[in-house]
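Single-structure report; data block below.
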Amino acid sequence: MIFSGLQKNSLIDYPGKISCVLFVSGCNFKCPYCHNPGLVTGNENRVFSEEEILSFLGKRVNLLDAVTVTGGEPTLHSDLGNFLGKVKQMGFLVKLDTNGSHPEKISEFKEKGLFDYIAMDIKTEPERYHEYVNAPKGIETALRESIRIIMELGNNYEFRTTCVKPFLSSEIIQKIGLIIKGAPLWAFQKCNPEKVLDPDFFKEKDRLFSDKELDGFKKTALNFVGRSLVR
């Protein structure tokens, strides 16, 4: 497996743990606000082989608690499961970030115990993905199935939503909230438009929410989930 980035230490990616972060390239969605455009387009120049990453991890046993795998979209890589198995054998906890487009992979990894924590991004209401992120029509079926599978994990997961207009509104939050009702955590993420996949998207009109609006989203979310926060 090939990786396009490595962050050696992080205190924020895996809740309550010290982790490294591994980045994979390639994504099947095209979110205009994506803050890792080089990973989406495949233009990221840094390359790490699986052997290099495993060697790095071998030197970090007892120094790191966990490994976070993010992207891009990790579940697009056919050899991901094999790699996660090797990481688990080394004694690390594994956190997986995903857009939820491949529920069959999430189910497989879950059954094999290949991750300990998972974070799924929810961009907007599932029925509108094809409008906003270049997803195929019918993607909502896969997204809802991923949510169902993830919500069977107890408390070892979270949902995340990047706050950009028109992806999000009070009405859309209500609709998403009903789908993920009972989840332990729903995190709202501020958007930084300085380095994004589609800078022109932010030139047309005001795309960002105020802190007051974000706080309102967080309060609304508490009607559906155990905890909500703004990052």
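Before rounding to the nearest 500, sum -39500 (n - 2.57) across all DSSP H runs of length at least 4 in the chain and divide by the residue total; then give [θ] at 222 nm in deg cm²/dmol. Spell out each step's value before the answer.
Numbers: 8 runs with 70 residues, N = 231.
That calculation yields -8500 deg cm²/dmol at 222 nm.
Tell me, what is the Rg over Rh of the chain, with Rh the Kirkwood radius over Cα pairs?
Values: Rg = 17.2 Å, Rh = 18.1 Å.
Using only Cα positions, Rg/Rh for the chain is 0.95.
Given a 10 angstrom Cα cut-off, can you work out which residue in ASN62, ASN134, ASN156 is the most mobile in a GNM of the chain?
Fluctuation is largest for ASN62.
Rank PHE159, PHE48, CYS27 by how far each Cα sits towards the positive end of the charge dipole of the chain (+1 on Lys, Arg Cβ; -1 on Asp, Glu Cβ) and give me just the farthest.
Selected residue: PHE159.
Could you work out how far apart the two model spin labels at GLU204 and ASN9 are, taking each label as a point 7 Å from the Cα in the direction of the beta carbon, and quote it in nm?
So the two model labels end up 4.3 nm from each other.
Where nothing but the Cβ of Lys and Arg (+1) and of Asp and Glu (-1) is charged, how large is the charge dipole of the chain around its Cα centre, in debye to the nearest 20?
Numbers: 31 positive and 30 negative charges, 103 e Å.
Here the chain has a charge dipole of around 500 debye.
Subtracting the Cα-Cα distance from 0.36 nm times the residue separation, let me have the gained length for LEU54 to GLU152 in nm, one decimal.
Values: separation 98, 0.36 × 98 = 35.28 nm, distance 3.03 nm.
In short, 32.2 nm is gained.
List the lysines whose alpha-carbon lies under 17 Å from that of LYS212, not counting same-chain residues fewer than 8 positions away?
Those lysines meeting the cut-off are LYS165, LYS190.
Between THR141 and LYS181, with labels modelled 7 Å along Cα→Cβ, what's the label distance in nm to one decimal, could you check?
Between THR141 and LYS181, the label points sit 2.5 nm apart.
I'd like the orientation of helix 80-89 relative to the chain: the angle between its Cα long axis and the longest Cα principal axis, in ° from 0 to 90, rounded to 10.
With rounding to tens, the tilt is 60 degrees.
Quick check: the angle from helix 139-150's long axis to the longest principal axis of the chain, C-alpha only, nearest 10 degrees?
60
Readers should treat all values here as calculations from the given coordinates under stated rules, not as data from a laboratory. Quick caveat: nothing in here was measured; it's all calculated off a predicted structure. Don't worry about glycine lacking a Cβ; one is built from the backbone with ideal geometry, like all the others, and counts go over all protein chains shown.
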